[in-house]
Each structure stands twice: as structure tokens, then as C-alpha cells.
Amino acid sequence: MIAKIRKLNLAALSYDRDGILNVLQKTNAVEIKEHAETEGTSPISEDAEGLSSYLASMETALDILISSAENALRADKNATPPLKDGFEVTYEEFASAGKLREEMENLVERINSLTDRKNTAITEQTKLARAIAVAEPYAAASLPFNRYSDTLHTKTRLGVLPQTMWESLKQSLDSVPLCAYSGEQVNDGVLVCVTAHKSVFAEVEGLLTGSGFSLCPYNSESTGAEQLALLRARFEAAKEEQRLAEDALNKLTPSIRSLKIYCDYIDFNIEKISAASKMRGMERTFFLEAFVPADFEQSVKEALDSSGYAMWYAFSDPAEDEEVPTLLKNNAVVSNFEAITNMYSPPNAHEFDPNTVMAFFYSLFLGFIMGDIGYGILMFIGGGVLWYKSRKGSGIKSLSGVFAVGGVFAVFWGFLFNSFFGVQILPVTVMPDAQTGMYSFMGIKIPAVLVIAMILGISQLLTGYVCRAVQEWRKGNIIDGIFDGLVWALFSVGVALAILGLVEDFKLPQTFVLVGGITAGASLAIAALTAGRKEKLIGKFTKGFGSVYGVINYVSDILSYARLYGLMLSGAIIAQIVSKYSIQFITGGNVIFAIVGVLLMIVGHAFNLAIGLLGAYIHDARLQYVEFYGRFYTGEGELFAPLGSKHKHIYIGE
């Protein structure tokens, strides 16, 4: 059901505003609304940009710390894992997070300093890696680099050239007088030293350039081996510097909890600034309007009265045409299905909550699609355990609850279809076989389970029209409820009776067909005659014609429920095939085949269950959104969102 919402009007001194908002946030039952324009008041304007930038810097440091902890965990399974979002804190711990400011700012400064230190070390390693690659060929040079120098009459060049050019260069140098050279293969190149008289050096230099010769970049007193060792030592030092910085960051992992709480606390302060922009103010006072669930009115009063702040406040009912947020209040079973409706559109606060009715049909169809005792048991146990362990309000908790409830219906349908992982285990089968069972409909053979799926669809459409009537009656539109709701519900009853009577296998009296036809025809005539009751002249005719033409859409909607049969049939066939071959392997007398059979049984049914649930979840939701909600549902509501109830990292306990 949808909870009744009351309206709170409050006036207090401006300097108490922050404290009063904290009091309201603690109740978790007050949603600030846009205050109506009032003479003598003006909007309250505050800039949250500075605080938003501050929060962004905190979140950035938090991301760095989490990433560092995750990297450490990948390298060492015994490392401390980062605290995941969604952990519980008490209100007192959250409210006192402001005292952590100095500690958190020092922490962020430390994180940023260590990150800079780490990044500098990584950059240095990149540079040194390139320098080492350059120095490695010169490790073969036995003399200090400054010994490879020019003399009064000669010039000397030390460098590296591609190995493929070495033979041709040697031949060319051999033809040059007053020239000596040596070469030593290093990696993929050749370390070359050439000494020549100044008179022929120009020719030698040309030969070197044409061979892709790279001149040695060093001219120090160290040898090539010493230069390489120095670079490698610096590289290892930079690597050690990176490790020390990372270790220091990892030691800060326990601070993730406090930093997450502080970030959400700052986010709440930004929310308070945003809430202030919805208020009105005068020189020393501010005025606030808010929505409060009626069930929490007394607790909000007690919180305000005991706060010690000077204020005036009053509760009242919202105006009939006022947009009010929607607070859904259902039991533990139905509340799981609220997420399905909310994905389509939350209910409008002025309509009735469709989740109870929808939950029944959704579970009925989900169980029909799975239609197996074994799958139903797995759905119930797996979904139930996951539901129990998941945090309240999380998406996974709702989804697992839906599957758990659907598992109960799957067991029910499984007994009717006599299917336990695709194997018939009961002595009696109530429902016809999904693959071979046929009904004779007006002399035409039709899959029996398809007919059952259509009847289920008509039942939901009928319920949808009843919901339409209830919806109109809640608004005081008695006539609209009758002609737009109940008349079409009677039409659905007539169609269902006619179909049941025309299925020869049911062996029902032909009275069913007669009564059903008369009921459907009469209700359709009434719908056509009354469809244009609010129109003038030609509009009455066109509306009536459109009502009759709507029967085509009605038939297409019924056919949409054929998807229940298709999904159920595909899952049943796969389950039978998996069980059939698995049992043959297991009972074949061969140990290896038996192991293969067990694996096939587990993997095959797990795959079929997963694919079946995915398809059932999507197509079942589609039937609710289009065929069912299309009959009566308004939607377009806004869910009730109390001040300070939305947090990124934490949730506040009861």
C-alpha cells in the first residue's frame, strides 16, 4: 500500500537552520520540498561549489587508497582487502564525522604525497629503462669512454650499428687507407670502434652514417660495464622507492572506513545546502516545507520538541492537487516486487499500490515458466539465502526475494506438470505434457499448455480491468469505473467462458459457450455505446468504433501470453535432455562416464536454470508493464527520499 503523507511547515531562526536539518535527518522521515513563494520572503541562496570541490578531492584520495589496496590484494592474498561500500554505521558515528576533518585532511595530504612519490619513481623507472637499453651495447667496451677520443692526427668513433650492415661496412673500411676498426656483436647490433687519420676521416664518417651508425652518447671516465651497473642501480633504487611508497599507502588501508564515512558526511552537508535552496527566508528567519509520512508524524514532533531550538511548526494534509512523493509500505514478501514496478515507473501517490496484485501474477508466471520442482527448490533456497544475507534496500536483496517467491510457485507448477529436473517422478500428472499434449479447439489441434497460458493471460487482463474500476472509484468516478473497468472485466469473463467451452477436451456443457458469447457480446456493446459518453456529436461515434476496434488489441494482448508457453517449453525440453543423457552416463557402469554424467547434470541444469531465470525475469516484467499496467496504471510518481537518506558508501542503522 501507499503510505499517507502529511505536510510539515516550519519557521525558525536562521542560525539554527543547520542544527534543525540535522534533527530532521536523524528521523529519516522528512523530505524537504520547494517552498511556495510567500510575500516578504526570498529564496535562500548558498553556493556548494567549494564544498563539492573539497568532496571531489577526498573521493579522489579514497579511490587511490582503494586501488592501492586492491593491487596489494592481487599480489598477496593475505593483504588487507579494502572495505566495500554498504557497511553499517550508527547515527552517532555519522553525526560526529565532522570531528574527523583535521585527521582526514592530513590523511588525504599523506595519500597525495605518497602518490606523487610513487608516480615520480615510476616516471624515473621509465626514463632509466630507456637509458639502460641504450647503455647495454656499450658494456662490451673495455676502456673508459674518455679513452675513445681524438689525437693530434687521428679521430676515433665508438658506437653501434645494425648487425645486417656490419659485413658491408667492413668491406668498405678495408678499402680506406690509414683506417683501423674493431667490432663486437652485442644483442641485435654490433659495437664498433673506428680510428682513422684526419685526412680520410670524412670518407670514414660518410660510410658510418650510411650504415646506420649511432654514436656513443657517453664521454665519462667510467667503462661501459660501470655505466650500465650505475643505471641499473638507479633503476632498482627507483623501484624500491615505488615499493616503499606503495607499502606506505597499503598501511593506510584501515583508514578507508573513516574516509568513506567522512566523504558521505560531507556529501550530506552539500545536500543540506541544496535543501536550503528550496526554502524561503527573511533577515533572521527561514521557512521550510516538507513531506512526512503520517506514521512518523509523532516521532518527528518529538524530535523537534526535544531539540532545544526555538521554532514554530505545524502539520497539515497536502492539497488534493499537490504533487506528493510516494512511500510504499508493504510486507516483506511484496516489498521485493516494488523494484520491478519502480523500474517501469513508481506509483503516483494518489493511486492505489499495484504491487500486491502484480507480485502474485509475476510469481505465478515465473513459476509457470520454470515449471519444475527441482528448479523451484533451488530458486527458493538460493534466493532465500541471498535475500537473508543481503543488506536491506539493496537491489540484490529484492531480486533474490523475487526468485525465492517464484521458486514456491515453480514447485507448485512442477507438481502439476510432474517434473523434477525434467524427470517425471509422481504417479499422476495433472497437467498435459508441454511437448505432446494437445487440445482440440473447434476441431483444431492446439498445444494444450498454450491454451493454459492464454487462460492465465485472460485472468490477468480481467484483474487489470477490475483494478481500473477500483482506481476510478478511488477518484470518485463511479460511472467511469463501471463502464471503463467492470464492463471490460465482464467481457474478459465472457471470453474465458467461451474459450473453455470450445475446448472439446474439457467436456464442458455448450452452455459455457452460449453464456460466454452473450456476456462478451453484451459487455462489448455496452462498452461501445458508453465509450463516447463524454464526447459530443461525431466524437460519440468515433469513440464507440474505437472501443470495438480495441478488441483487436485485446486479442493481440492475449497472444502476448504465448511467451509463457514458449519459455516454459524450451526450459522443459532442455531439462529433459540434460537429465536423460546424464542418467544414461551415470548408470552406464563406467566410473569415468559416471563422473561425466554428474558434471553434465550439474552444469547442464545450472545453465538451464540461469538462462530460464533471465528470460523469465525479462518477459514476465514485460507482461506486467504492457498488458497488465496498460489497463489501469498511472505511475509517474516520485519515491519518498528523506533528507540525508542517500549515501554512497555507508548506510545508517536503525
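The set of residues in segment 149-169 being touching a strand residue (DSSP E or B) at 6+ places or on another chain (Cβ under 7 Å) and either of a type in the set (Asp, Glu) or surrounded by fewer than 18 Cβ atoms within 10 Å (Cβ to Cβ) (or both) consists of 149, 150, 153, 154, 155, 156, 162, 163, 166. Hey, which of the strands (runs of 3 or more DSSP E) in segment 1-107, taking only ones fully inside, have at least 2 residues that are over 17 Å from residue 280 (Cα atoms)? By residue number, 5-13, 87-89.
Taking the conditions (1) surrounded by fewer than 21 Cβ atoms within 10 Å (Cβ to Cβ); (2) in the same structural domain as residue 115 (by TED's automatic domain parsing) in turn, residue 245 satisfies each one other than (1). Per this entry, residue 420 is not counted among residues that are assigned by TED's automatic domain parsing to the domain that holds residue 631 and closer than 20 Å to residue 627 by Cβ.
Residues considered: 125, 163. Of these, the only one that is over 30 Å from residue 19 (Cα atoms), among the polar types (S, T, N, Q) and without any contact (Cβ under 8 Å) to a residue 40 or more places away in the chain is 163. Taking the criterion of being part of a loop (DSSP other than H, G, I, E, B) and over 23 Å from residue 457 (Cβ atoms), the residues of segment 354-399 that qualify are 390, 391, 392, 393, 394.
Rundown of residues vs (1) surrounded by fewer than 19 Cβ atoms within 10 Å (Cβ to Cβ); (2) under 46 Å from the mean Cα position of the chain (by Cα); (3) touching a residue at least 40 places away in the same chain (Cβ under 8 Å), yes/no style:
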residue: 88; (1), (2), (3): yes, yes, yes
residue: 97; (1), (2), (3): no, yes, yes
residue: 114; (1), (2), (3): no, yes, yes
residue: 117; (1), (2), (3): yes, yes, yes
residue: 121; (1), (2), (3): no, yes, yes
residue: 134; (1), (2), (3): yes, no, yes
residue: 138; (1), (2), (3): no, no, yes
residue: 145; (1), (2), (3): no, no, yes
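Scanning segment 210-226 for residues that are in a strand (DSSP E or B), surrounded by 14 or more Cβ atoms within 10 Å (Cβ to Cβ) and hydrophobic (A, V, I, L, M, F, W, C) yields a total of 0. The conditions of being over 39 Å from the mean Cα position of the chain (by Cα), part of a helix (DSSP H, G or I) and buried (at least 17 other Cβ atoms within 10 Å of the Cβ) are met by residue 494. Looking only at segment 550-592, residues that are out of contact with any helix residue (DSSP H, G or I) (no Cβ under 7 Å at 6 or more places or on another chain), crowded, with 21+ Cβ neighbours inside 10 Å and either without any contact (Cβ under 8 Å) to a residue 24 or more places away in the chain or not in a helix (DSSP H, G or I) (or both) come to 0 in all. Give the number of residues within segment 400-430 that are surrounded by 14 or more Cβ atoms within 10 Å (Cβ to Cβ), among the hydrophobic types (A, V, I, L, M, F, W, C) and either in contact with a Pro (Cβ under 6 Å, 6 or more places away or on another chain) or not in a helix (DSSP H, G or I) (or both). Number satisfying all stated conditions: 4. The residue pairs whose first member lies in segment 1-19 and is touching a residue at least 24 places away in the same chain (Cβ under 8 Å), whose second member is basic (Lys, Arg), and whose beta carbons are closer than 7 Å, counting only pairs six or more residues apart or on different chains, are 1/329; 3/329; 13/284; 14/284; 18/272.
So is residue 505 more than 46 Å from the chain's Cα centre (by Cα) and modelled with pLDDT of 80 or more or not? It is true that residue 505 is more than 46 Å from the chain's Cα centre (by Cα) and modelled with pLDDT of 80 or more. Identify all residues within segment 221-236 that are out of contact with any Ser or Thr (no Cβ under 8 Å at 6 or more places or on another chain) and closer than 19 Å to residue 125 by Cα; write none if there are none. 226, 228, 229, 231, 232, 233, 234, 235, 236, listed by residue number. For residues that are without any contact (Cβ under 8 Å) to a residue 40 or more places away in the chain and of a type outside the set (Gly, Ala, Ser), scanning just segment 227-241, find the one that is surrounded by the most Cβ atoms within 10 Å (Cβ to Cβ). Here the residue is 230. Candidates 600, 623: the one that is buried (at least 17 other Cβ atoms within 10 Å of the Cβ) and in contact (Cβ under 8 Å) with a residue 40 or more places away in the chain is 623.
Of all the listed residues (173, 169, 191), the sole one being under 18 Å from residue 227 (Cβ atoms) and modelled with pLDDT of 90 or more is 191.
Looking at residue 86, is it outside the structural domain of residue 12 (by TED's automatic domain parsing), among the small types (Gly, Ala, Ser) and either in contact with a Lys or Arg (Cβ under 6 Å, 6 or more places away or on another chain) or farther than 22 Å from residue 252 by Cβ (or both)? In short, yes. The residue of segment 273-301 that is farthest from residue 30 (Cα to Cα), among those that are touching a helix residue (DSSP H, G or I) at 6+ places or on another chain (Cβ under 6 Å) and surrounded by 21 or more Cβ atoms within 10 Å (Cβ to Cβ), is 286.
Scanning segment 244-288 for residues that are outside any helix (DSSP H, G or I), of a type in the set (A, V, I, L, M) and farther than 18 Å from residue 44 by Cα returns a single hit, 252.
I'd like to know if segment 194-209 contains one or more residues that are closer than 30 Å to residue 129 by Cα, assigned to a loop (DSSP other than H, G, I, E, B), in contact with a Leu (Cβ under 9 Å, 6 or more places away or on another chain) and not assigned by TED's automatic domain parsing to the domain that holds residue 98. No, segment 194-209 contains no residue that is closer than 30 Å to residue 129 by Cα, assigned to a loop (DSSP other than H, G, I, E, B), in contact with a Leu (Cβ under 9 Å, 6 or more places away or on another chain) and not assigned by TED's automatic domain parsing to the domain that holds residue 98.
The values are calculated or read from the model by the stated rules, or taken from the named source; none is laboratory data. These numbers were taken from a predicted model, which means no experiment stands behind them. A quick note on method: Cβ atoms are made from the backbone with ideal geometry, for glycine too, and the neighbour counts reach across all protein chains shown.
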